[in-house]
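The values are calculated or read from the model by the stated rules, or taken from the named source; none is laboratory data. Here the structure is a predicted model, which is why all the values come from computation and not from measurement. All Cβ positions, glycine included, derive from the backbone under ideal geometry; neighbour counts span all protein chains shown. These accessible areas exclude ligands, DNA and RNA; they are computed on the full protein's heavy atoms, side chains included. Shrake-Rupley method; radii C 1.70, N 1.55, O 1.52, S 1.80 Å.
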Amino acid sequence: MNSIYLDNAATSWPKPDCVYDAVDSFNRKMGGSPGRGSNSRSIEAGTIVLQTREALARLFNVSDSSRIVFTSGVTESINVGFKGVLNPGDGVIISGMEHNAVARPLHELQKNGVEVSIAPCAPDGTLDPKALELLIRKNTRMICMLHASNLTGTIMPIAEAGRVARDNGVLFMVDSAQTAGVLEIDVEKQNIDLLAFTGHKSLFGLQGTGGLYIRPGLEVRTLKEGGTGSLSEHTFQPDFLPDRFESGTLNTPGLAGLGAGIGFILQNGVKKIHDHERELTDTLINGLKEIKGLTLYGPADIRLRTAVVSFNVKGMECGEVSFILDQKHGIICRSGLHCAPMAHRTSGTLELGAVRLSPGYFNTREEIEKVIEVIHGIASGADK
Ligand code: PMP
C-alpha cells in the first residue's frame with residue numbers, strides 16, 4: 001500500500017532531494033566543527049553555517065545575517081525571546097490561538113510576576129487586531145503571536161499586529177512555525193523584533209534545527225553559556241551575535257540540510273509553493289464540506305488559511321478516524337490535541353480534539369481526491 005503523508009504541519013516529508021544530498025555530503029565527505037580552529041574542515045563547516053544564515057536572511061529580509069542565531073527550533077527560540085527579555089512586572093499580549101511553545105514558557109514566567117493578556121479570537125481562529133490595541137497597558141513590553149494556527153490554519157494579521165506594537169513602543173515576537181517558507185515574512189515590513197522559526201516544517205530542513213532573528217539594538221539575555229570557538233581566552237560569554245547565543249557545537253549536518261531546503265524555496269519562490277498548497281487545501285475543503293456528519297474547523301475563506309484542515313466526524317472519536325486512515329488506507333495524519341489547548345478552547349474542540357490533515361508541497365491533487373473518497377466512506381459508516 002502506498003502511503004499518503006498528510007502530517008506536514010507536524011514535520012514536512014519528503015524533503016527535496018537536495019536536502020538529503022546536502023546532509024549526506026556533509027556527513028560522508030566533510031565533517032568538521034564550525035568555528036573551531038583553522039583546519040580546512042572547520043572552515044568548510046563554518047562556510048556551510050554562514051551560507052545557511054545568509055539564505056535565511058534573504059528569505060526574511062534581514063539585512064545583517066549575524067542577527068539570526070541558530071537554535072533547536074521555535075520552542076527554544078521563543079524561550080530565549082521571552083526569558084531573555086521580560087522582567088517581573090512586564091506585560092505580554094498573546095492571541096487566543098497560541099501553541100504551548102508560547103503558552104507554557106509564559107505560564108512559568110507568570111510565577112515570576114510577568115503579566116499575560118490574551119486577545120480573544122473568533123471560533124474560526126481569526127483575530128481582530130483592534131483586540132490587541134485594547135489590551136495595551138503602561139507595562140506592556142511585548143506582543144507575541146503565531147503567524148498561523150497549527151490547529152485551524154488560520155492566518156493571523158501579523159502586519160497589523162506589528163504596526164500596533166510599533167505605534168505603542170512595544171516589542172513584537174512572531175512564532176513562524178507554520179508559515180516560514182510558505183507565506184511572506186519580512187521583518188522590516190512587518191515590524192518584527194524577534195522572529196522564531198523552525199527548520200523541519202516548510203523550510204524543508206531536519207528536525208532539531210531552527211533559529212531566532214533578533215532586531216539590532218535589542219538586548220537579550222542568554223539562557224545558556226559555553227564554548228563558542230571565539231574569545232576562547234575569556235571565561236565570559238562573547239557579547240556579539242551570533243556567537244552570544246550559539247554555545248556548544250552547532251548541528252552542522254542539520255544546518256547543511258536547512259540551507260539546501262531554503263535554497264529550494266528561494267529557487268522556486270514562496271509564491272509557487274504557497275499556490276500549490278492552497279490549491280490542494282481548496283480541493284480538500286471543498287470535498288470535505290460535502291460530507292454529511294463532518295464538522296470542519298477554521299475560516300471558510302481559503303485566503304485566510306494555510307494548508308491545515310482539521311475536522312471531526314459525528315459519532316466517532318478523532319483517534320478512531322486517524323487510526324482507520326492510517327491502518328487501512330496508509331493515510332498519515334495527526335489526531336487528538338495538537339499541543340495547543342488555547343486554540344482548542346477557542347475553536348470548541350478541547351473535549352473532542354480533532355483530526356488534522358496537512359498537505360505539503362509534494363502532495364498531489366490525486367492524493368487529495370483519494371483522501372476525500374476515503375473519509376467519505378468512513379463518515380458514511382461503510383468503512384468502520
Ligand atoms: N508553534 C507552532 C504553531 C507549531 O505548530 C509548532 C510545532 N508543532 C511549534 C511552535 C513548535 O515547533 P518546534 O517543535 O519545532 O520547536
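Restricted to region 291-384, the set of helices (runs of 4 or more DSSP H) holding at least 1 residues that are surrounded by fewer than 20 Cβ atoms within 10 Å (Cβ to Cβ) and within 16 Å of the ligand (Cβ to nearest atom) comprises 341-347. Taken over region 94-117, the criterion of being within 16 Å of the ligand (Cβ to nearest atom), touching a strand residue (DSSP E or B) at 6+ places or on another chain (Cβ under 7 Å) and open to solvent by 20 Å² or more (accessible area, probe 1.4 Å) is satisfied by 99 alone. Every listed requirement among (1) among the polar types (S, T, N, Q); (2) within 16 Å of the ligand (Cβ to nearest atom); (3) open to solvent by less than 20 Å² (accessible area, probe 1.4 Å) is met by residue 178 save one, (3).
Across region 31-71, the number of residues qualifying as surrounded by fewer than 17 Cβ atoms within 10 Å (Cβ to Cβ) and either β-branched (Val, Ile, Thr) or within 16 Å of the ligand (Cβ to nearest atom) (or both) comes to 2.
Residue 211 fulfils the conditions (1) closer than 14 Å to residue 146 by Cα; (2) within 16 Å of the ligand (Cβ to nearest atom) except for a single criterion, (1). Of all residues in region 218-233, those satisfying the criterion of being within 25 Å of the chain's Cα centre (by Cα) and either open to solvent by 50 Å² or more (accessible area, probe 1.4 Å) or within 16 Å of the ligand (Cβ to nearest atom) (or both) are 219, 221, 223, 224. Considering region 146-171, the residues that are in a strand (DSSP E or B) and crowded, with 24+ Cβ neighbours inside 10 Å include one that is farthest from the ligand (Cβ to nearest atom), namely 154. Reported count of residues in region 309-328, each being in contact with a helix residue (DSSP H, G or I) (Cβ under 7 Å, 6 or more places away or on another chain) and of a type outside the set (S, T, N, Q), is 6.
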